[in-house]
1. Checking the conditions here, which among D116, D129, D83 is farther than 19 Å from P64 by Cβ, of a type in the set (D, E) and in contact with a strand residue (DSSP E or B) (Cβ under 7 Å, 6 or more places away or on another chain)?
2. Is it the case that some residue within region 47-63 is buried (at least 16 other Cβ atoms within 10 Å of the Cβ), assigned to a strand (DSSP E or B), within 18 Å of the chain's Cα centre (by Cα) and in contact (Cβ under 8 Å) with a residue 24 or more places away in the chain?
3. Under 6 Å between Cβ atoms, which residue pairs at least 6 apart in sequence (or on different chains) link something in region 157-184 that is assigned to a loop (DSSP other than H, G, I, E, B) with a partner that is among the basic types (K, R)?
4. Please work out if F70 is aromatic (F, W, Y) and either open to solvent by 20 Å² or more (accessible area, probe 1.4 Å) or assigned to a loop (DSSP other than H, G, I, E, B) (or both).
5. Working only within region 137-151, note down all residues that are within 21 Å of S126 (Cα to Cα), modelled with pLDDT under 95 and surrounded by 18 or more Cβ atoms within 10 Å (Cβ to Cβ).
6. In region 92-123, which residues are open to solvent by 60 Å² or more (accessible area, probe 1.4 Å) and either of a type in the set (V, I, T) or part of a strand (DSSP E or B) (or both)?
7. Please work out which residue is modelled with the highest pLDDT, limiting yourself to region 28-46 and to residues that are of a type outside the set (A, V, I, L, M, F, W, C) and open to solvent by 100 Å² or more (accessible area, probe 1.4 Å).
8. Does S126 count as within 30 Å of S22 (Cβ to Cβ), at pLDDT 90 or above and surrounded by fewer than 18 Cβ atoms within 10 Å (Cβ to Cβ)?
Amino acid sequence: MTAELFNSLEILKEWIIKNEVSLSTSKWANGLEIIETEQLRFNIHPLSEEELIAIKVLTNNLLPPAYYHFLAEIGSGQFFINDYFPGFEIYNLAELKEYNQLIQQEIKEAGETIIDDYLMIGTHCSMGDWMGFCTTRKKEKNYDVFCHEYPIEEYATTSDELKSWRTFEEWIIKAIQTKGTETL
């Protein structure tokens, strides 16, 4: 794990404590630049040591240290909530169990042989996409946001074609640097 990750998580902790971060955007109208500011909030729940251990057991400790460190330092919940919905949600233990059972059911119902295994750790709320890891992908970059429009049997191939694989660490650093605007 990098110093950049540790620094980013410290910034995120400050925002969570205040329960807000300001996001300024600009647009042009009638030749004038208009700057709009939006307050983003958080709904975060710290995890107990027991819950973190249970998550490691549930995931067979297959996920990268940055993910487990994130859970230990930050917790689970909803991040970068605007007036309408969160940017993304990271699952707690109960949600990990529920949604990963759902993904296994979806794999069974696909009716096709799917050679990849996935552990979904959250939802990207703008489109309702799964966020997670392809655990059969043995490369360091095995994290992605999987588009809900693609059949599950095409997730890995599509991510390969789009070259959208990244590490969880890269993704969370970018999410914090951009205040949740670049998370797809």
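The values are calculated or read from the model by the stated rules, or taken from the named source; none is laboratory data. Since the model is a prediction, treat every value here as computed from it, not as a measurement. Cβ coordinates were reconstructed from backbone atoms using ideal geometry, including for glycine residues, and neighbour counts include every protein chain displayed. Each accessible area value is taken on the protein alone, full model and side chains, heavy atoms only, with ligands, DNA and RNA left out. Shrake-Rupley method; radii C 1.70, N 1.55, O 1.52, S 1.80 Å.
1. After applying the criteria, what remains is D129.
2. No: zero hits.
3. Note: pairs meeting the criteria are W165/K141; T167/K141; E182/K174.
4. Criteria not met by F70.
5. Those that are within 21 Å of S126 (Cα to Cα), modelled with pLDDT under 95 and surrounded by 18 or more Cβ atoms within 10 Å (Cβ to Cβ): F146, C147.
6. Once the filter is applied, which keeps residues that are open to solvent by 60 Å² or more (accessible area, probe 1.4 Å) and either of a type in the set (V, I, T) or part of a strand (DSSP E or B) (or both), region 92-123 yields T113, I115.
7. Top of the filtered list is P46.
8. So S126 does not fit the description; no.
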